[in-house]
Amino acid sequence: MGEYLVKRLAQMVPTLLFVSILIFGLQQLLPGDPAKILAGEEQDPSVIAHLRVKLHLDEPLPMRYAYWVGGVLKGDFGESVRTQQPVLELVLQKLPVTIQLGTMAFVIALLIGIPTGIVAAVERGTWWDSAANAVALWGISTPNFWLGILLILLFSVQLGWLPASGYVSPFEDLKANLASMIMPAFVLGNALAAVLMRHTRSAMLQVLSSDYVRTARAKGLSERAVVLKHALRNALTPVITLGALELGTLLSGAVLTEQVFTIPGFGKLIVDSVFNRDYAVVQGVVLVTATAYIVLSLLADVAYFIVNPRLQHG
Amino acid sequence: MDMAAVLPAHDVAPPRAQAGPWRRALRRLLRRRPAVVGLAVVGLFIALALLAPWIAPHDPVATSWGAIRKAPSVAHWFGTDDIGRDVLSRVIFGTRASLLAGVVSVSISLLLGVPIGLAAGFIGGLVDALISRLTDAFLAVPFLILAIALAAFLGPSLTNAMIAIGVSATPIFVRLTRAQVINVKVEDYVEAARALGNPPWRVAIRHVMPNVTAPLIVQATLAIAAAVIAEASLSFLGLGQQPPEPSWGSMLNTAKNYVDQAPWMAVWPGLAIFLLVLAFNLVGDGLRDALDPRQL
């Protein structure tokens, strides 16, 4: 286990190094002088001069990268051009909202994706299987911002049951918070449910044809016990692990969902920063996202390693 | 006698996928009803895109202050938008941006990803390690977030959105090509081609590449579906096609402000995205089954 962990941690180092180069490189895509672009419309010469010094623009590229990465390692992601707030502070402010949205979406995806996947596998080739596959196809083919608009139309405009937009902190009013988050969470969970359904179906099909399931059936156990007690337990491990790796899908989806429902989270921060030409914030958000993904992949791998005894002895 | 001395290296019969298996795969594809429906819908959208100037009932950018947010009627089948433009005509013309983005982005991904993946898988060693870590780095950034960041730094336009989507999707093709090449390069016929004195580039292009194309075709079809959604997403955020040119994503961006007054503005462009993406996904799923090596 220790050896495996060290190996995986060692693999993370070059990946993080390349991620940092990639994100630093984004700034080089800006056409023209970055200091002039970052200085905004006023083009104040003193601001331009300040930015030039601050961003080390007169120094060679490798030195600029070294300064930037040195700052990042100390937690200095730069500061927002618009609010003058440190980028890390801004990101940490918005993150809890997106974490709540993502967690609710993940739970909804599990509640839809796993049962439909089980039904599709158990009833393979039947009408149920086709229906579950249709649900999955719907999930991966529906743009979530469109689904969001349709749900607003139905539940907010027509029925008046849920608020169309806005966000209330759960610490202020939990009921209002859940009312404002349930639609966005469903929209976000919809696509993930489709992915989980497909993973569950294929994992269940594999497990259901294995020897130990055949033995369980031969012992005379009920089909319900075979499926839910024996097969599902083993099929779920890769599903949960693969599901954890869908963090990227969730975060990408969150950008759009937060935009539709005007939720002040991580996704809205990146979009607002793009339009305010607040490039340091864009870089910060991308860096935090990538790092979170890399760490989560590591945790998912380690979890898979722990629950799979064959890997430990192999 | 040394065979290589007798036979010109390029004359060795390569065990390429021949017309037979491809034709059988096509027949299998056409036997799958969902895939055929998908192909028909894609064909319909291609026809709409090509014939847009002739079949659109109105000019897609012409505004009419007398017809603001009019509900669907005989004059405007899909209704009109916030500045009186015909929604049907904009949906028809919007097909062009979506299809163009899907095809161009995936072509960029293929043009970049396949040679890089081929190099990683075929050369191996340090080149492979370097490319693999770089691919991991790209894959660590969620697809749409990377596309947003790239589009933001490049500047908002349809061309830049296509570049951003294409570059963001490249790592998937690098990884897929590399994995396929690693499997194929140890096959006997590749060893034989090498032993007969073919230069590495010819072995890679003539003997390895033809045998890794099937999964690439499947992935490319599914990637077009993802690229169509990505373009619509970027346009929805204002980073793709710029107004007044029509794009389904930007139409939805405007529509979200008028959901209570003019819901038709949101229904049709969204339905168009859904249908086109669904069609490409159906074709992709059908191709995956039809090109399954166990059946070829």
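The values are calculated or read from the model by the stated rules, or taken from the named source; none is laboratory data. On a predicted model such as this, the values are computed, not experimentally measured, just so you know. Counting neighbours? That spans all protein chains shown, and the Cβs are built from the backbone with ideal geometry, glycine included.
Of B:L144, B:L126, B:L134, which residue is of a type in the set (A, V, I, L, M) and either more than 9 Å from every other protein chain (Cβ to nearest Cβ) or in contact with a Leu (Cβ under 6 Å, 6 or more places away or on another chain) (or both)?
Working: B:L144 fails: either more than 9 Å from every other protein chain (Cβ to nearest Cβ) or in contact with a Leu (Cβ under 6 Å, 6 or more places away or on another chain) (or both); B:L134 fails: either more than 9 Å from every other protein chain (Cβ to nearest Cβ) or in contact with a Leu (Cβ under 6 Å, 6 or more places away or on another chain) (or both).
So the residue among B:L144, B:L126, B:L134 that is of a type in the set (A, V, I, L, M) and either more than 9 Å from every other protein chain (Cβ to nearest Cβ) or in contact with a Leu (Cβ under 6 Å, 6 or more places away or on another chain) (or both) is B:L126.
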- prompt: Just for the stretch A:163-175: of the residues that are buried (at least 16 other Cβ atoms within 10 Å of the Cβ) and aliphatic (A, V, I, L, M), which one is farthest from A:L150 (Cα to Cα)?
  reply: A:V168
- request: Name the one entry in A:L101, A:L92 that is farther than 22 Å from A:G25 by Cα, crowded, with 19+ Cβ neighbours inside 10 Å and not small (G, A, S).
  value: A:L101
- request: Looking at (1) touching a strand residue (DSSP E or B) at 6+ places or on another chain (Cβ under 7 Å); (2) within 14 Å of another protein chain (Cβ to nearest Cβ), find the lone condition where B:A151 falls short.
  value: (1)
task: Test A:V81 against the criterion of being closer than 18 Å to A:K268 by Cβ, among the hydrophobic types (A, V, I, L, M, F, W, C) and touching a residue at least 24 places away in the same chain (Cβ under 8 Å), and give yes or no.
output: yes
field: Number of the condition not met by A:K36 [criteria: (1) charged (D, E, K, R); (2) more than 28 Å from B:A164 (Cα to Cα); (3) assigned to a helix (DSSP H, G or I)]
entry: (2)
message: Suppose we keep only residues that are without any contact (Cβ under 8 Å) to a residue 12 or more places away in the chain and in a loop (DSSP other than H, G, I, E, B) within the stretch A:1-32. Which one would you say is farthest from the chain's Cα centre (by Cα)?
response: A:G32
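Report whether or not A:Q158 is out of contact with any Lys or Arg (no Cβ under 9 Å at 6 or more places or on another chain) and within 24 Å of A:R124 (Cβ to Cβ).
On the way: out of contact with any Lys or Arg (no Cβ under 9 Å at 6 or more places or on another chain): yes; within 24 Å of A:R124 (Cβ to Cβ): no.
Taking the combined requirement at face value, the residue does not satisfy it.
Test of understanding: among A:F186, A:F155, which residue is more than 13 Å from chain B (Cβ to nearest Cβ) and of a type in the set (F, W, Y)? Let's see the steps before the verdict.
Working: A:F155 fails: more than 13 Å from chain B (Cβ to nearest Cβ).
One residue alone meets the criteria, A:F186.
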task: Test each condition in (1) β-branched (V, I, T); (2) more than 26 Å from B:A169 (Cβ to Cβ); (3) surrounded by fewer than 23 Cβ atoms within 10 Å (Cβ to Cβ); (4) away from every other protein chain (no Cβ under 13 Å) for A:I263 and report the one that comes out false.
output: (3)
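May I ask you to say which residue of A:D278, A:D272 is more than 8 Å from chain B (Cβ to nearest Cβ), out of contact with any strand residue (DSSP E or B) (no Cβ under 7 Å at 6 or more places or on another chain) and without any contact (Cβ under 8 Å) to a residue 12 or more places away in the chain?
On the way: A:D278 fails: without any contact (Cβ under 8 Å) to a residue 12 or more places away in the chain.
It is A:D272.
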field: Members of the stretch A:130-147 found to be touching a Leu at 6+ places or on another chain (Cβ under 7 Å) and either surrounded by 24 or more Cβ atoms within 10 Å (Cβ to Cβ) or touching a residue at least 12 places away in the same chain (Cβ under 8 Å) (or both), listed by number
entry: A:L137, A:N144, A:F145, A:W146
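Have a look at B:L239, B:L276, B:L222 and point out the one that is crowded, with 24+ Cβ neighbours inside 10 Å and either modelled with pLDDT of 95 or more or assigned to a helix (DSSP H, G or I) (or both).
On the way: B:L239 fails: either modelled with pLDDT of 95 or more or assigned to a helix (DSSP H, G or I) (or both); B:L222 fails: crowded, with 24+ Cβ neighbours inside 10 Å.
It is B:L276.
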query: Pick from A:P163, A:P238, A:P170, A:P184: which is more than 28 Å from B:L276 (Cα to Cα) and touching a Ser or Thr at 6+ places or on another chain (Cβ under 8 Å)?
result: A:P163
- prompt: Which of (1) buried (at least 21 other Cβ atoms within 10 Å of the Cβ); (2) more than 9 Å from chain A (Cβ to nearest Cβ); (3) modelled with pLDDT under 95 is the odd one out, the single condition B:T213 does not satisfy?
  reply: (1)
- request: With the checklist (1) among the charged types (D, E, K, R); (2) farther than 25 Å from A:D301 by Cα; (3) at pLDDT below 85 in hand, flag the one item A:K7 doesn't pass.
  value: (2)
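Has the stretch A:24-42 got any residue that is at pLDDT 85 or above and of a type in the set (A, V, I, L, M, F, W, C)?
Filtering the stretch A:24-42 down to residues at pLDDT 85 or above leaves A:24-25.
From the residues that got through so far, the ones that are of a type in the set (A, V, I, L, M, F, W, C) too are A:24.
Yes - at least one qualifying residue is present in the stretch A:24-42.
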message: Condition first: part of a helix (DSSP H, G or I), surrounded by fewer than 22 Cβ atoms within 10 Å (Cβ to Cβ) and modelled with pLDDT of 90 or more. Now tell me which residues in the stretch B:58-90 satisfy that.
response: B:L88
task: For the stretch B:216-264, name all the residues that are of a type in the set (G, A, S) and under 19 Å from the mean Cα position of the chain (by Cα).
output: B:A220, B:A223, B:A225, B:A226, B:A227, B:A230, B:A232, B:S233, B:S235, B:G240, B:S247, B:G249
field: Pairs with Cβ under 6 Å, 6+ apart, first in the stretch A:281-302 and more than 10 Å from every other protein chain (Cβ to nearest Cβ), second outside any helix (DSSP H, G or I) and at pLDDT below 80
entry: A:A300/A:L245
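Tell me, yes or no, whether the stretch A:214-227 has at least one residue that is small (G, A, S) and surrounded by 23 or more Cβ atoms within 10 Å (Cβ to Cβ). Can you show your working first?
We begin by selecting, within the stretch A:214-227, every residue small (G, A, S); these are A:216, A:218, A:220, A:222, A:225.
Okay, now just the ones that are also surrounded by 23 or more Cβ atoms within 10 Å (Cβ to Cβ), so none.
No: the stretch A:214-227 contains no residue that is small (G, A, S) and surrounded by 23 or more Cβ atoms within 10 Å (Cβ to Cβ).
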- request: Quick one: count up the residues across the stretch B:250-266 that are more than 8 Å from every other protein chain (Cβ to nearest Cβ) and assigned to a helix (DSSP H, G or I).
  value: 8
field: Filtered residues of the stretch B:222-249 (kept if away from every other protein chain (no Cβ under 13 Å) and either of a type in the set (V, I, T) or in contact with a Pro (Cβ under 6 Å, 6 or more places away or on another chain) (or both))
entry: B:P246
